Amino acid sequence: MRRLFPPPAEGLPELPEDEVERLHAYPPTLERPWVRTNMVASLDGAISLDGASGGLSGPADRRMLSLFRDLADVVLVGLGTALAEGYRGITATERRTARRARWGLAGVPPLAVVTNSCDVPPGAPLLTDVVAKTIVVTCAAAPEERRRRAEDDGAEVVLAGDARVDPRTLVAELGRRGLRRVCCEGGPQLLGALIEDELVDEFCLTVSPVLAGGATGRAALGSHPPVRRDMTLLSTLEEDGMLFLRYGRRA
């Protein structure tokens, strides 16, 4: 992997793994949750092929996904995306354990799955095939029997709103549990809601060298925010034609 921005002093040498980690580390001290998003898109803007993002990915993108999870306290994802992508709990590998130890993090990050309806299929692997207990974030309007079913499958159910999940309450509930390094992996409705409420601190985008065509949707969907959200380019990496762009909230 090579760093294109900020430009190195001489040439474009391969970037050591520890430097890639350093570039993507969360701020060293956090008094509130810090929300990083991670999305992949084709050159023409598609966010999936055949209903999933895997066709746009590659070895470098998968390594970056693993890095983002390794540096996080929690992995945030909408239920629709989690089911479409076949999510299971994050596994504890020797590499992951060593990396997290280097950054003062223990165990593996839990999934936090967001759903207004709490309609998680019974026995879903994202609840049952886990190391860290999955957090299901839903609202008071979700049927109580569904909430109980998720708890019976091992989840911690958190209410973060009345008729729908409120993004600010969602992020606050994660922070209240000490989960301040948040890595959001979509989907579009969840990401759009976070953008609308000005909760995105970093936006990481992998641009895949693919022309996908089709009618797939955008990375973020929802209401237009009241003001434009300007971001600042923090770093650009490249490997095998894939670009890894990281933008931060502009002060």
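Determine, yes or no, whether L205 is closer than 30 Å to R32 by Cα and open to solvent by 50 Å² or more (accessible area, probe 1.4 Å).
no
Can you find a residue that is surrounded by 13 or more Cβ atoms within 10 Å (Cβ to Cβ), modelled with pLDDT of 95 or more, assigned to a strand (DSSP E or B) and touching a Phe, Trp or Tyr at 6+ places or on another chain (Cβ under 7 Å) anywhere in region 113-134?
No, every residue in region 113-134 fails to be surrounded by 13 or more Cβ atoms within 10 Å (Cβ to Cβ), modelled with pLDDT of 95 or more, assigned to a strand (DSSP E or B) and touching a Phe, Trp or Tyr at 6+ places or on another chain (Cβ under 7 Å).
With (1) in contact with a Pro (Cβ under 9 Å, 6 or more places away or on another chain); (2) in a helix (DSSP H, G or I) as the list, and R88 as the residue in question, which single condition is left unmet?
(2)
Could you list, in sequence order, the residues of region 208-251 that are exposed (fewer than 15 other Cβ atoms within 10 Å of the Cβ) and at positive phi?
Hits for region 208-251 are G213, G214, D240, G241.
Do we find that T169 is closer than 29 Å to E31 by Cβ and either assigned to a strand (DSSP E or B) or open to solvent by 10 Å² or more (accessible area, probe 1.4 Å) (or both) in this structure? Before the answer, list the steps.
On the way: closer than 29 Å to E31 by Cβ: yes; either assigned to a strand (DSSP E or B) or open to solvent by 10 Å² or more (accessible area, probe 1.4 Å) (or both): yes.
Spelling it out, T169 is indeed closer than 29 Å to E31 by Cβ and either assigned to a strand (DSSP E or B) or open to solvent by 10 Å² or more (accessible area, probe 1.4 Å) (or both).
Please determine, by comparing only the residues of region 135-166 that are closer than 21 Å to A193 by Cα and small (G, A, S), which one is surrounded by the fewest Cβ atoms within 10 Å (Cβ to Cβ).
A163
Identify all residues within region 100-112 that are open to solvent by 10 Å² or more (accessible area, probe 1.4 Å) and either over 23 Å from L170 (Cβ atoms) or not aliphatic (A, V, I, L, M) (or both); write none if there are none.
A101, R102, W103, G104, A106, G107, P110
For region 65-77, what are the residues that are open to solvent by less than 10 Å² (accessible area, probe 1.4 Å) and touching an Asp or Glu at 6+ places or on another chain (Cβ under 9 Å)?
L67, F68, D70, L71, V75, L76, V77
Among all residue pairs at least 6 apart or on different chains, which show Cβ distances below 6 Å where the first residue, located in region 188-201, is among the β-branched types (V, I, T) and the second is surrounded by 17 or more Cβ atoms within 10 Å (Cβ to Cβ) and at pLDDT 95 or above?
V200/V35; V200/T37; V200/L194
Among the residues of region 29-69, write down those that are in a loop (DSSP other than H, G, I, E, B) and of a type in the set (G, A, S).
G45, A46, S48, G51, S53, S57, G58
Of all residues in region 1-28, which are out of contact with any Lys or Arg (no Cβ under 6 Å at 6 or more places or on another chain), open to solvent by less than 50 Å² (accessible area, probe 1.4 Å), at pLDDT 90 or above and in a loop (DSSP other than H, G, I, E, B)?
If the condition is that a residue be out of contact with any Lys or Arg (no Cβ under 6 Å at 6 or more places or on another chain), open to solvent by less than 50 Å² (accessible area, probe 1.4 Å), at pLDDT 90 or above and in a loop (DSSP other than H, G, I, E, B), then H24, A25, P27 are the ones that fit.
Of the residues that sit in region 86-99 and are open to solvent by less than 70 Å² (accessible area, probe 1.4 Å) and not polar (S, T, N, Q), which one is nearest to D153 (Cα to Cα)?
Only one residue tops the list, namely G89.
The values are calculated or read from the model by the stated rules, or taken from the named source; none is laboratory data. Please read these numbers as outputs of a predicted model, since none were measured by experiment. Reconstructed Cβ throughout: ideal geometry from the backbone, glycine too, with neighbour counts over all protein chains shown. All accessible areas refer to the heavy atoms of the entire protein, side chains included, with ligands and DNA or RNA removed. Shrake-Rupley method; radii C 1.70, N 1.55, O 1.52, S 1.80 Å.
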